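Presented below is the structure to which this report refers.
The values are calculated or read from the model by the stated rules, or taken from the named source; none is laboratory data. What you see is a predicted model; the values in this text were computed from it and never measured. Cβ placement follows ideal geometry from the backbone for every residue including glycine, while neighbour counts extend to all protein chains displayed. These accessible areas exclude ligands, DNA and RNA; they are computed on the full protein's heavy atoms, side chains included. Shrake-Rupley method; radii C 1.70, N 1.55, O 1.52, S 1.80 Å.
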Amino acid sequence: MATKTKIEIRQLYKIFGPNPKQALQLVLDGVSKPELLEKHDHVLGLQDINVSMGEGKISVIMGLSGSGKSTLIRHLNLLIEPTAGEVLVDGIDVTTYSIDDLRRLRQSRMSMVFQKFALLPHRSVLQNAGLALAVRGETRAMVEGEARKWLERVGLAGYEEHYPHQLSGGMQQRVGIARALASNAETMLMDEAFSALDPLIRTDMQNLLLELQADLHKTIVFITHDLDEAMKLADHLVILKDGYVVQQGDPQQILLYPNDPYIEDFVSDINRARVLRVRSVMTPTNGAGLSDTFGEVGVDDTLEDVIARSGGETSHNYAVVQDGAAVGKLDMKDLVRALVPRAASAPGARAADLN
Amino acid sequence: MGYYDGVFDALGLRDWCDADKVQGPMSMAELMARVRGGAVENNWWDIPFPSLDNLHASCQAIGRTREMTSAVEQGFLDIKDSLKFVLDPLTQPLSWLLDGSIFVFGQTPWWIIIPLMLLASFYVSRSVGITVFVALSFGFLGFIDHYGFAIQTLSIIFVCTVLCVLIGVPIGIAMSKSDTFQRMTIPVLDMLQTLPSFVYLIPLIFLFSVTESKLYGIAIILYAIVPVIRLTDLGIRLVDKDVIEAANAFGMTPGQKLFKVEIPLALPTIMAGVNQTIMMALAMVVIASLVSAPGLGELVLRGIRNLELGVGLVSGFCIVLLAVILDRVSKASLARIDGAQRH
């Protein structure tokens, strides 16, 4: 499953304070984050971040508040300048861009969706959706045509002449998404885009995003503090804590094999049956024949689907099929075992961590 | 001989003090003291404050307060000519503008001006009630023969407010963009706002002839420009940071950001500043009648000078009427802009 890398972050450091370069040397010499804050009055925002984001994939960066995730996403379009490190977009380091190059990058190659929508309150929905194109200086007809098209695509046809304050939160964020899509950028940055919405609307919006992604194959960088959301959307999951990457990789693998007590504690709260998919718990057969199976299940079915199908019976085996061919075998006992977190989390590990 | 003689003797400054001892004109206090006679008593209760005058009594080399004020005056007179050489041509257009506007407003017949005013107030406020109020007020002003004075006052306010906005908004924008510039400007604005309005007139009278309209024009503009500058700065600084970030994230140039995001979003605050500026211009135009500003202020002044109680009271009431009109119309337009972009 080799995908092209669209964005690559290499050894990225960000230190906030009056003299970040000097503080960086201290960090490289091994000064810890609390010590840096206490003795040197600098805040270590990000340390040694190395992440590759595949083209056409959804990369989710997850962490609690203060973990540096919003800082990290702003390094991709250089709304925040790094203290050290490289951000390669299509193989070119954006930190070396001139102001004009950077502006072009933001105008046509990388669009952004914000947590608080950040629509222009004095412009109509149509003008808001066409913002990126208008900024680029496209003709009015072109701007309005594209804006209309994308508004319809996100389900807001008929609201073109409304103003943002007349719309609900969910609808405003649809405008935000239409605005990002209308710029026709290959990469879309979403900074906690659904965090300000109530749970039902949030689910709707997640489905909308997945549905759009199935057609558009954008490179999406999604920030969230919600693990369920991360699991649902992510092709690649990066978990941040205190400005460094704790674990990254396939979300299913992180869920099954957390490598850090922090993540174990995190994933212990999640509804595993709904998140885990058959492919993560099956035994691959590598083409060998299968016998005495009870039925067939899809490779991307969730465990919840399979449990519903089996009616709670744990003695069955299922053949796992992908595109019509059997690829593995699913023992219901393995399935049930996978539902129990691998290691019981140390009670209160996360709470202790916050202090 | 003064109370502080001993001090100068002790410091060994007696020679310096008496070096150029001249018998200058005496101040009244000195004369009184001399007439009353008697030596200075070293009574601790009556220790005089070591002021210029009291020190002078002991040491002639130290000047008296009146010498200090005349030195200030002399200093001002010394730079006056060069200052005037620079400022006079610079401010000349202001005179033309004020005279021109008073002439145009005054010469156009009332049956054109009043309907135009009503149209303008309806266009700005979009309120029938306010337009009717303006119509009734102008009817009243005309009926008691104060229409001509009111129009002069209005045309001065009009010119000064437009200039305040043209100068003040860019200054406010510059302040919002640069913290250093803001720190430099705020003390000046504070001074302009706290200086008693009469004090403005003093250096201006020296610089320009009292017959020139720019004299009161400058006084009004200096006094009234402060709120529009302050509120433009505030309005732009208060624009939602998230929206600014979005503007940056979509690659807006600084110019696009200013004209498409910041100014439109700051407009309600800027308009509140314009409303304040109009009201302050009205306040100043009355005081400026002291330096020959025409209009209703002239009548108030006549009321005071000639003790014509009725003239003063009626014109005072007309000023209140104008103030209410200007305030209502500009507030209504402010409310309209505010309502259009509430979020």
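Packing, as the average of other Cβ atoms within 10 Å across residues, places the peptides A:152-158, A:265-271 in the order A:265-271, A:152-158, highest first. Give me the inter-chain shielding for B:234-243: mean count of other chain Cβ atoms within 10 Å, whole number please. Per-residue shielding by partner chains comes out at 2. Taking the Cα of A:Glu86, stepping 7 Å toward and past its beta carbon, and measuring to each backbone N in the range A:4-28: which are under 11 Å? Hits in the range A:4-28 for A:Glu86 at 11 Å: A:8-11. Simple rule: put +1 on each Lys or Arg Cβ and -1 on each Asp or Glu Cβ in the protein assembly as shown, find the dipole, and look at A:Leu102, A:Gly170, B:Gly316; the Cα lying farthest toward the positive end is B:Gly316.
Toward the positive end of the charge dipole of chain B, with +1 on the Cβ of Lys and Arg and -1 on the Cβ of Asp and Glu, the farthest Cα among B:Ile263, B:Ala288, B:Tyr123 is that of B:Tyr123. Treating the beta-carbon of each Lys and Arg as +1 and of each Asp and Glu as -1, no other charges, what is the dipole magnitude of the range B:79-342 about its Cα centre, to the nearest 20 debye? Magnitude of the dipole: close to 320 debye. The mean count of C-beta atoms from other chains within 10 Å of the C-beta of residues in A:130-142, rounded to a whole number, is 2.
Look at where the Cα atoms of the range A:158-219 and of the range A:97-137 average out, and the two centres are 14 Å apart. Evaluated with a Cβ-only charge set (Lys, Arg +1; Asp, Glu -1), the protein assembly as shown carries a dipole of roughly 1340 debye about its Cα centre, given to the nearest 20. Around the amide H of A:Gln247, modelled in the peptide plane, lie the amide H atoms of A:Ile239, all under 5 Å away and 5 or more residues distant in sequence or on another chain. Neighbouring Cβ atoms from other chains, within 10 Å of the Cβ of residues in B:254-265, number 2 on average. A:Lys329 exposes around 80 Å² of accessible area when a 1.4 Å probe is run over every protein chain in place.
Mean sequence separation of contacting Cα pairs (under 8 Å, at least six apart), scaled by the length of chain B, corresponds to a relative contact order of 18 percent. Amide H contacts of A:Gly45: A:Lys14, A:Ile15, A:Phe16, each under 5 Å away and 5 or more positions distant or on a separate chain (H built 1.01 Å from N in the peptide plane; Pro and chain starts excluded). Only one residue of A:Ser195, B:Gly172, B:Val300 has its Cα farthest out toward the positive end of the dipole of the protein assembly as shown, where Lys and Arg carry +1 and Asp and Glu -1 on Cβ, and that residue is B:Val300. Annotation for the range B:295-343: trypsin sites (Lys or Arg not before Pro) lying in DSSP loop with at most 14 further Cβ atoms inside 10 Å of their Cβ are B:Arg342. Bridgeable lysines around B:Lys260 (alpha carbons under 22 Å apart, same-chain partners fewer than 8 residues away excluded): A:Lys116, B:Lys177, B:Lys241.
Using just its DSSP H runs of length 4 or more, each adding -39500 (n - 2.57), the protein assembly as shown gives a mean residue ellipticity at 222 nm of -18000 deg cm²/dmol after division by all residues. Listed by number, the DSSP H helices of chain B that run 24 Å or longer by alpha-carbon position along their axis and have mean Kyte hydropathy of at least 1.0 are B:147-177, B:213-237, B:263-287, B:309-340. Database remark: amide H of A:Lys116 closer than 5 angstrom to no amide H (H placed geometrically; neighbours at sequence offset of 5 or more, or on other chains; Pro and chain starts carry no H).
Across the range B:138-163, the residues whose backbone nitrogen lies under 19 Å from the label position 7 Å along the beta-carbon direction of B:Trp110 are B:138-156.
Dipole magnitude for the range A:2-132: computed about the Cα centre from +1 point charges on Lys and Arg Cβ and -1 point charges on Asp and Glu Cβ, it is near 580 debye.
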